[in-house]
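See structure below.
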């Protein structure tokens, strides 16, 4: 095989990308069980306090006293219901308090399986779920409630009760698991007759620590732990890969007389996302991603892929345009690189306003915006106009088509008109220059013949 | 100006330990599938061809095919495995095509997955001796990782390695995640090649799935492109070397330096002694390796206490570096007299003493020594001496041994019924009799070793036939630990 072989390059990209991702997973302080998280915990133990963005808060953070001897206790009641005490959590740095109550995760497990059904003598069905606090704030009013996420496999008792809950979540939670607005409290096994929640033993790693109470100890031990935390957080191995990737790029160019990106774009290769992140980090350019795999008069198939480095995009014809054909006009809706703004609460379909937190002074007075939940993948594109209140956007009524939560960032969108001339051979492209990151909409207003269609990809 | 409290020190060391383990697990090495270093090694092997891991599955025709053997299910309970090549300890072996019947009840005995963990000989490399022999011990249902394992006698065994967890009925059995959460303990040992995981019930075999490591460890077909190797290999080889050599000791050293300095200056006591006197000294292997690389000595090890005894009787805690073995009295008074112990000079795991059916033929005081193959290098062991291990019934067995080379020793057992489970530890031991002429009380430390050449203690008062109970210890409580 050669480096120009698609199977070979995909495997190489997968291996390089996975290795990069594996190490990078240790550097995120908000990722439970990562080295950065644990060292941060050690640092906080010396200094007192915490600096996480997410996690449960014991009732008395000054003394470190928590309910039930250090645990936030969730107890089972009857018939699929658990009882919980007052619980305080940090969600993205803000504190939420949930009053005591009951919660039922329901009888239906993943895949629609009912735990009340019989699956063989003596083998009661059960499923496992993470119970936690979910942010349901809306229009600036903070609110949270209990919710749960169901695993596609059953936890063993050791897994549920151990302190490896971070790994449990990272490895086995469904892709839709909302890390940005959900703080887990307990792991539960759910049967037809009971919910068996663990005490929040696994939460102990994330709660507030009382300060060590001795200045000398802080003076002696804080600095090296703080430095270690900084070191781990700044671990960034991408530069280690530069020589290897330089050689891959160089060899591809010598073999194909084409740039690496251009060569694989011509093959329409789907690069591994991890590899794309690594490549973008090294060369400040996405190696290549299709943003729309098909655009026709009637429809556009958007990939909703994000470019890992902002840049130009190109509009490409997949078929030859005859010389006499009509000029093609298209409108592309592209996320630009203006600062995104975070929502201040949930928004729901047909809302007429968006409450945001953060400045949008760099945004045009009117235009388009885009919001997408990174977990549920729900999104909407809407037109907006700034109002006199700087925090309020007025969107056209009914333009919000999906519910998204306050963890979602809103992006500014440019509408760009593309005009493609006549007499173009296949794979002719028009480059749209800008700092674009994503294609969120596309319409074709005119095209030369019914069978012609187009794609959009990173340039 | 107090020194850090024992509870805070315990917690802090625990956090540092967990962070280091997490980081090193992600960074990994050739024995950590999926890690940063492991994946880079695979990328290198993709460029160069071949495989660097010492255990794995190889396509039977590696030069012709990149694909691995395909496992198929030929009936409800039977999984067929084609002729394959497996690598053990860096050596390739051809294993003929075979099949494995996983039914819950098979041949009048318990099925593989339901049975005890017994080795099941399937094929000799040269002949094909098929001799099933199973024991009966039922589980309600179970899951197993099916694997090949080899011995130095070059026989191969297809074996179910029962795993304690089994996925639920709701789980998507086609999802790789369903089979993920198992420790890869035996994969690092260089002996096993996991093939697939299976779930077996009384009435059928619902599913089986090739393990991730089956693919991860596979042979990489070299690219038939010299220019690729010439251009890219050097760079990715350097990348791998830097990945494999990194252990983050420079990053963690300032923390340990600060802790040691803090304890020594504020507590006027050595860091090691403070740990030994005030904590359980429970540290991970990885952190102990780190500490050895930083300071040349292991973190302190509590070998045993009178109260706890040896919890895991088939093993003994050992230090990674040699030193004295000491006994500290916690209560009572030790009258003058002799303390006798068997101290550990070396520890190694077995690969297999002999063929499966010969295991029970070893008898007491045999004149013919058996050769015991070791998985670990025993070059630091004395040339001859005493050996100890525990048999399948958790009894301590003693033998004399003569070292043949660094990985093979000849043994003569001193007790009936010895049994050598694969990858279980054996210990090179020496008896130590220490005489003390004065009474000593609470807090006193008695050095049990004449020289700093030991890594642990195998047995002590009241344990083992070869031991004379030392009366002076009968009225004291104590801890035995590294010196």
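The values are calculated or read from the model by the stated rules, or taken from the named source; none is laboratory data. Bear in mind the structure is a predicted one, so any value in this text is a computation, not a measurement. Glycine also receives a Cβ, built like all others from the backbone with ideal geometry; neighbour counts cover every protein chain displayed.
Annotations for the structure displayed:
- Members of the stretch A:56-96 that are over 30 Å from residue A:192 (Cα atoms), assigned to a strand (DSSP E or B) and modelled with pLDDT of 65 or more: A:57, A:90, A:91, A:94, A:95, A:96
- Looking only at residues in the stretch A:117-132 that are surrounded by 13 or more Cβ atoms within 10 Å (Cβ to Cβ) and at pLDDT 60 or above, the one that is farthest from the chain's Cα centre (by Cα) is A:125.
- Residue B:256 vs. criteria within 14 Å of another protein chain (Cβ to nearest Cβ) and under 30 Å from residue B:43 (Cα atoms): no
- Complete set of residues in the stretch A:133-160 that are modelled with pLDDT of 65 or more, assigned to a loop (DSSP other than H, G, I, E, B) and over 21 Å from residue A:346 (Cα atoms): A:151
- Long-range neighbours under 6 Å by Cβ, at least six apart or interchain, first residue on the phi < 0 side of the Ramachandran plot within the stretch A:381-403, second modelled with pLDDT under 70: A:382/A:395; A:383/A:396; A:384/A:395; A:385/A:394; A:387/A:394
- Restricting the stretch B:1-19 to residues that are within 16 Å of residue B:285 (Cβ to Cβ) and more than 7 Å from chain A (Cβ to nearest Cβ) leaves a set whose member that is nearest to the chain's Cα centre (by Cα) is B:17.
- Within the stretch A:1-48, considering residues that are assigned to a loop (DSSP other than H, G, I, E, B), more than 7 Å from chain B (Cβ to nearest Cβ) and within 25 Å of residue B:25 (Cα to Cα), the one modelled with the lowest pLDDT: A:32
- Looking across the stretch B:34-54, the residues that are more than 7 Å from chain A (Cβ to nearest Cβ), surrounded by fewer than 20 Cβ atoms within 10 Å (Cβ to Cβ) and not in a helix (DSSP H, G or I) come down to B:49, B:50, B:52, B:54.
- Residues in the stretch A:250-292 that are assigned to a loop (DSSP other than H, G, I, E, B) and within 14 Å of chain B (Cβ to nearest Cβ): A:272 alone.
- The stretch A:212-221, subset in contact with a helix residue (DSSP H, G or I) (Cβ under 8 Å, 6 or more places away or on another chain) and surrounded by fewer than 17 Cβ atoms within 10 Å (Cβ to Cβ), residue nearest to the other protein chains (Cβ to nearest Cβ): A:216
- A residue that is within 30 Å of residue B:36 (Cβ to Cβ) and crowded, with 18+ Cβ neighbours inside 10 Å occurs nowhere in the stretch B:261-280.
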